[in-house]
Amino acid sequence: MGFLKLSIVKFLAKQNKKHVERHSKNALLNQKKIFQKHMGLLTQTEFGKSIGAKKNLTLGEFREISTINSYEDVLPFIERIAAGEENVLWPGGVLYFAKTSGTTSGTKYIPLTKEMLNYQISASKEALLLYAYNNKKYDLVGGKMMFLQGSPVLKKYKKINTGRLSGIVAHHIPRFLKSNRLPTIKTNSIENWEKKLLKIIDETLFSDLRLIGGIPPWVIMYFQKVLGASKLKSIPEIFPNLSLYVHGGVNFKPYKNTLNNLLPGVDFLEYYPASEGFIGYQDNINNDGLLLLTNHGVFYEFIESEKFISGNYERICLKDVVLGKNYVLILNTCSGLWSYNIGDTVEFVSLNPYRIVVTGRVGHFISAFGEHVIGKEVEGALESGLRLFGGEVSAFTVCPKIQPKKGLPHHEWFVEFIKKPENFGGFCAHLDDCVRKQNIYYNDLVENFIIKPLVINCVKVGSFNNYMRSIGKLGGQNKCPSLSNDRKIGNYLNNYLE
């Protein structure tokens, strides 16, 4: 990288560090300003009129008239935007719909305003500059950067340009970085994941790759294919300058062992970019918590998960959160999503500054026997087991086995191992013990012989890809849920047992 370019990156990184620190110290003030700004604009929208919004609403008054909204609740307003109407959810129009397809629901069209798009881009830039400053790695932009992401091809949903968030952002990459991006727009536009992956390998093999981003299962698959194509034994032989992997979308810990072995010496940096807003990023790679972004166009509210499940939707502000409690995340955004349940649950691990970890999805749990086991518990158990007993996984999911042919009901795990732990019996017992220690209801069920300890089924390599292909969600930003309360995924994977 040239001296001038390096000097510019160092200067920007230093300024960015000051900017991030200033705003992290003023999180509550940031939230107060965003709320006041939002309330000043709410009355200009059709949504605001529909709920009787008046100027200068207090937070209490806002909560009285704006109840918790799901996507289905705002869908009539989304359809009005799609038809070309303005001032519906946010003053003016929207630039795009960010298209999402959840694991438990159909296609969603999330409005994306110019203001929100700018926040999405700036948050990603902030995280990279902060990483560069903290770790004195300013040469990332001197080589190639690759993101395994959605297609940049935009289509119309009625009158609005629509695409995956990552595909939309690809159209707004700063000009000086475009020459560094891999793969090419043409390759990234290939819809078929398997054909796209082969072409990506053709374009990237032995390139000066410095940074890669993507969801862990797809990144693991990419590197495995790269090793096969290169005939070499390790990724550092192929990409000697690769130093950073940016990830998000799923809990990283169960995949950490696998990626540590694939990418020795590479740093891992976590993002939390939802289509609804960029929620947070890892401001220190030695810290698991994600810095909550309080100045990026989102006013946050939180509901204790246990209260939410019981039907009590009491909302609190950032100033009232406590450490170690599970919260349902509620957003009010500058794209016009009001009192919106994003579907994620989070836990605060630091209050100064505010840092969170994502603990799961509101709709992803197992409670077939009243235990309400959540993603954080099964993912934490798997990570602990792999750390103690060794082994590597490429994918997994958990579901209930309610009526086995013989014996007691139980939780059934389906795991696709790259490398199986040598002491497999000890590994299985440890996982069950970890879940029991985290969840007293599950422990009581096992202890009282209502259910038996969990059972792990090993599935053949490629089984989860086959499942994702069968539902039309192979590759890109799609992910398989880590657990579910039904047998849909489990019944499919039963056909691929080792």
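The values are calculated or read from the model by the stated rules, or taken from the named source; none is laboratory data. As the structure is a prediction and not an experimental result, all values here were calculated from the model. Cβ atoms come from the backbone with ideal geometry, glycine included; neighbour counts cover every protein chain shown. Side chains are part of the model used for accessible areas, which takes the heavy atoms of the whole protein and leaves out ligands, DNA and RNA. Shrake-Rupley method; radii C 1.70, N 1.55, O 1.52, S 1.80 Å.
Can you tell me, using C-alpha contacts under 8 Å and at least 6 residues apart, the relative contact order of region 375-468 as a whole percent?
Working: 134 pairs, mean separation 31.7, N = 94.
It rounds to 34 percent for region 375-468.
Using a 1.4 angstrom probe, figure out how much accessible area the chain has per residue, in square angstrom, rounded to the nearest whole. Could the numbers behind the result be given before it?
On the way: 22020 Å² over 498 residues.
Using a 1.4 Å probe on heavy atoms only, each residue of the chain averages 44 Å².
For the chain, report the % of Cα-Cα distances exceeding 40 Å.
More than 40 Å apart: 22 percent of the Cα pairs in the chain.
Tell me, what is the percent relative contact order of the chain, built from C-alpha pairs under 8 Å that lie six or more residues apart? Walk me through the numbers before you get to the answer.
Numbers: 886 pairs, mean separation 65.8, N = 498.
Once divided by the residue count of the chain, the mean separation gives 13 percent.
Quote the charge dipole size of the chain about the Cα centre in Debye, to the nearest 20; the model charges only the Cβ of Lys and Arg (+1) and of Asp and Glu (-1).
Details: 62 positive and 44 negative charges, 328 e Å.
Taking the Cα centre of the chain as origin, the dipole is about 1580 debye.
Using a 7 Å offset from the Cα along the Cα-to-Cβ direction at both K10 and K49, what is the distance between the two label points in nm, to one decimal?
Using points 7 Å along Cα→Cβ, the separation is 5.7 nm.
Normalised by the residues of region 299-402, what does the relative contact order come to in percent, with Cα pairs under 8 Å and at least six apart?
Result for region 299-402 is 17 percent.
Restricting to DSSP loop positions (anything but H, G, I, E, B) with no more than 13 other Cβ atoms inside 10 Å of their own Cβ, which GluC sites (Glu not before Pro) remain in region 180-216? Could you put the intermediate results ahead of the total?
Values: sites: E191, E194, E203; in loops: E191.
Listed in order of number, the matching sites are E191.
Percent of alpha carbon pairs in region 239-390 separated by more than 21 Å?
Working: 5630 of 11476 pairs.
Pairs farther apart than 21 Å: 49 percent.
All other residues with a Cβ under 15 Å from the Cβ of Y133 taken together, and with Lys, Arg as +1 and Asp, Glu as -1, what is their net charge?
Combined, the nearby Lys, Arg, Asp and Glu give +3.
DSSP beta bridges in region 199-277, what fraction antiparallel, as a percent rounded to 5?
Numbers: 1 of 8 bridges.
Looking only at bridges with both residues in region 199-277, the antiparallel portion is about 10 percent.
What's the carbon and sulfur percent of the chain's accessible surface, probe 1.4 angstrom, rounded to a whole number?
Details: 11510 of 22020 Å².
Of the solvent-accessible surface of the chain, carbon and sulfur hold 52 percent.
Take every DSSP beta bridge with both residues inside the chain and express the antiparallel ones as a percent of the total, to the nearest 5. Display every interim value, and only then the final one.
Values: 49 of 71 bridges.
Approximately 70 percent, going by the DSSP bridge assignments.
When Lys and Arg each count +1 and Asp and Glu each count -1, what net charge do the other residues less than 10 Å away from L329, Cβ to Cβ, add up to?
On the way: positive: none; negative: E276, E301, D344.
Overall, the nearby charge balance is -3.
With r as the distance between the Cβ atoms of Q403 and S179 and R0 = 51 Å, compute the FRET efficiency 1/(1 + (r/R0)^6) and round to 0.05. Before the final figure, lay out each step's value.
Details: r = 59 Å, r/R0 = 1.15.
Computed FRET efficiency for S179 and Q403: 0.30.
What whole-number distance in Å separates the alpha-carbon centres of region 17-94 and region 330-404?
Answer, in whole Å: 27.
What are the residues whose amide H is under 5 Å from the amide H of G343, where those residues sit 5 or more places off or on another chain and H is modelled from the backbone?
Those qualifying (amide H under 5 Å, at least 5 residues apart or on another chain) are L329.
Could you work out the helix-only [θ] at 222 nm for the chain, with each DSSP H run of four or more residues adding -39,500 (n - 2.57) and the total divided by the number of residues, to the nearest 500 deg cm²/dmol? List each step's numbers first, then the result.
Working: 19 runs with 196 residues, N = 498.
Only helices count here, giving -11500 deg cm²/dmol.
Please arrange D208, D267 by accessible surface area, largest first, computed with a 1.4 Å probe and ligands excluded. Kindly include the intermediate steps, with their values, before the conclusion.
Details: D208 55, D267 30 Å².
Order by accessible area, largest first: D208, D267.
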